[in-house]
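Colleague: Sharing a structure here in structure tokens format.
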Amino acid sequence: MSAGDLHEIWRGDIAQPVGLAWLDAAGSLLVCDPAGGRIASLDPASRAMAFLGVPGSPSFCFPTSEGELLIGNGADLVRIDGEGRSALEIRIDMPAHLATASATVDALGRLWFVARDRRAGGEGRVYRYHDARMVPSLFDRTRPGGLAVSADGRTLFHANGPARTIEAYRVSPAAALSAGEPRFSLPASSGEPQDMALDGTGALWVALSGSSDAQAALVRLAPDGAVLDEIAVPASAVSAIAFGGEGLRTLFVAVPGAILALPVTVPGVPLVPVRLGHTDLGLIEDDDH
């Protein structure tokens, strides 16, 4: 694959699309519009986009095990039912200057999300939510990027923007995190790592921000750290990526005002709904911090 395979499938009035998620049953891509207070559903075949107004500034949106949608919205997690009605799921106990940002769901339906600083300081945290439990998991992050969890649920990957590294954390059976260690290092000349997505071989796609010194790009990293693919993105930034389409063989890419699509040979991993109920996941309460 090459930069020539990356093509635009939609352009419109979403200034900074974020929070991409593929709904396989519906054959559509969810897109969050934080500035416009909307969730959008994009049909890649027809390139038609339908919008739903929601309270606040949505940053991510995932299906739940109850058949609703769960959105990150500032300091709240909010459920949206099939009629478009919203209900507060939980208010996040965190400093007022933080707001929900990028997120992922692991194989057990646990939501992991980043909370970023609304101010210029760049502080951030990582939280985990499932089964009505909110657990702060990482503190004192600086300009935190995206998250990804390995298919077996045992490793959390976190993008450290300023260090231009992808950190790996061991996830215990109770979902507690070990001390992190750099797993992948990016050149100092590259943009900061932002959103991430794992494919079926365990290779990690990473979106790199653009700057005056570096072009926005996508890189695919093998488990041993080798760069398998590097594709320039014709935009000032990449705000989100997600697998979708038939057989999960398309990598969707969000850039300012548009959604791009990249056909890939190795498919992504199916999205698991977020578990909101109180189903026993076999967690060890004493280690659940």
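Colleague: How about the range 231-276: which of its residues are in contact with a Lys or Arg (Cβ under 8 Å, 6 or more places away or on another chain), surrounded by fewer than 17 Cβ atoms within 10 Å (Cβ to Cβ) and farther than 23 Å from Gly202 by Cβ?
Modeller: The answer is Gly257, Ala258.
Colleague: Return the residue satisfying two criteria in turn: it lies in the range 153-196 and is within 17 Å of Arg143 (Cα to Cα) and of a type in the set (Val, Ile, Thr), and of such residues it is surrounded by the fewest Cβ atoms within 10 Å (Cβ to Cβ).
Modeller: Per the stated criteria, the residue is Thr165.
Colleague: How about the range 35-52: which of its residues are in a loop (DSSP other than H, G, I, E, B), surrounded by 17 or more Cβ atoms within 10 Å (Cβ to Cβ) and basic (Lys, Arg)?
Modeller: None - no residue of the range 35-52 is in a loop (DSSP other than H, G, I, E, B), surrounded by 17 or more Cβ atoms within 10 Å (Cβ to Cβ) and basic (Lys, Arg), so the list stays empty.
Colleague: Inside the range 251-272, can you point out the residues that are among the aliphatic types (A, V, I, L, M) and not in a strand (DSSP E or B)?
Modeller: Val264, Val266, Val269, Leu271, Val272
Colleague: Looking at Gly74, Gly122, Gly84, can you tell me which residue is touching a strand residue (DSSP E or B) at 6+ places or on another chain (Cβ under 9 Å), in contact (Cβ under 8 Å) with a residue 12 or more places away in the chain and surrounded by 14 or more Cβ atoms within 10 Å (Cβ to Cβ)?
Modeller: Gly74
Colleague: Could you please give the count of residues in the range 4-34 that are part of a loop (DSSP other than H, G, I, E, B), among the charged types (D, E, K, R) and under 18 Å from the mean Cα position of the chain (by Cα)?
Modeller: Number of matching residues: 1.
Colleague: Can you confirm whether Ala99 is buried (at least 16 other Cβ atoms within 10 Å of the Cβ), closer than 27 Å to Ser172 by Cα and hydrophobic (A, V, I, L, M, F, W, C)? Write out each step before concluding.
Modeller: Details: buried (at least 16 other Cβ atoms within 10 Å of the Cβ): yes; closer than 27 Å to Ser172 by Cα: yes; hydrophobic (A, V, I, L, M, F, W, C): yes.
Against the criterion (buried (at least 16 other Cβ atoms within 10 Å of the Cβ), closer than 27 Å to Ser172 by Cα and hydrophobic (A, V, I, L, M, F, W, C)), Ala99 qualifies.
Colleague: So is Ala103 in a strand (DSSP E or B), under 15 Å from Pro34 (Cβ atoms) and in contact with a Phe, Trp or Tyr (Cβ under 8 Å, 6 or more places away or on another chain) or not?
Modeller: Numbers: in a strand (DSSP E or B): yes; under 15 Å from Pro34 (Cβ atoms): yes; in contact with a Phe, Trp or Tyr (Cβ under 8 Å, 6 or more places away or on another chain): yes.
So Ala103 passes the test.
Colleague: Here are the criteria: (1) in contact with a Leu (Cβ under 8 Å, 6 or more places away or on another chain); (2) surrounded by 22 or more Cβ atoms within 10 Å (Cβ to Cβ). Tell me which single one Pro58 does not satisfy.
Modeller: Of (1) in contact with a Leu (Cβ under 8 Å, 6 or more places away or on another chain); (2) surrounded by 22 or more Cβ atoms within 10 Å (Cβ to Cβ), only one is false for Pro58: (1).
Colleague: I've got another one for you. Between Ala15, Ala50, Ala115, which is farther than 28 Å from Phe139 by Cβ and free of Cβ contacts under 8 Å to residues at least 40 places away in the same chain?
Modeller: Ala50
Colleague: Right, another one. Please list, ordered by residue number, the strands (runs of 3 or more DSSP E) wholly in the range 153-194 having 1 or more residues that are under 17 Å from the mean Cα position of the chain (by Cα) and modelled with pLDDT of 90 or more.
Modeller: Fully inside the range 153-194 and qualifying: 155-160, 165-170.
Colleague: Still on this structure, I have one more. Out of the range 238-254, which residues are without any contact (Cβ under 8 Å) to a residue 60 or more places away in the chain and under 17 Å from the mean Cα position of the chain (by Cα)?
Modeller: Within the range 238-254, the subset without any contact (Cβ under 8 Å) to a residue 60 or more places away in the chain is 238, 246-247, 249, 251.
If the condition is that a residue be without any contact (Cβ under 8 Å) to a residue 60 or more places away in the chain and under 17 Å from the mean Cα position of the chain (by Cα), then Val238, Leu251 are the ones that fit.
Colleague: A follow-up question, please. Restricting the search to the range 218-228, which residues are surrounded by fewer than 17 Cβ atoms within 10 Å (Cβ to Cβ) and assigned to a strand (DSSP E or B)? Explain how you work it out, then say what you get.
Modeller: If we filter the range 218-228 for residues that are surrounded by fewer than 17 Cβ atoms within 10 Å (Cβ to Cβ), which is where we start, we get 222-228.
Across the range 218-228, the qualifying residues are Val227, Leu228.
Colleague: Filter the range 90-107 down to residues that are within 11 Å of Arg118 (Cα to Cα), in contact (Cβ under 8 Å) with a residue 24 or more places away in the chain and of a type in the set (Gly, Ala, Ser), then give me how many there are.
Modeller: 2
The values are calculated or read from the model by the stated rules, or taken from the named source; none is laboratory data. As the structure is a computational prediction, the values presented were derived from the model and not from experiment. When we count neighbours, we look across all protein chains shown, and the Cβ atoms used for this are built from the backbone with ideal geometry, even at glycine.
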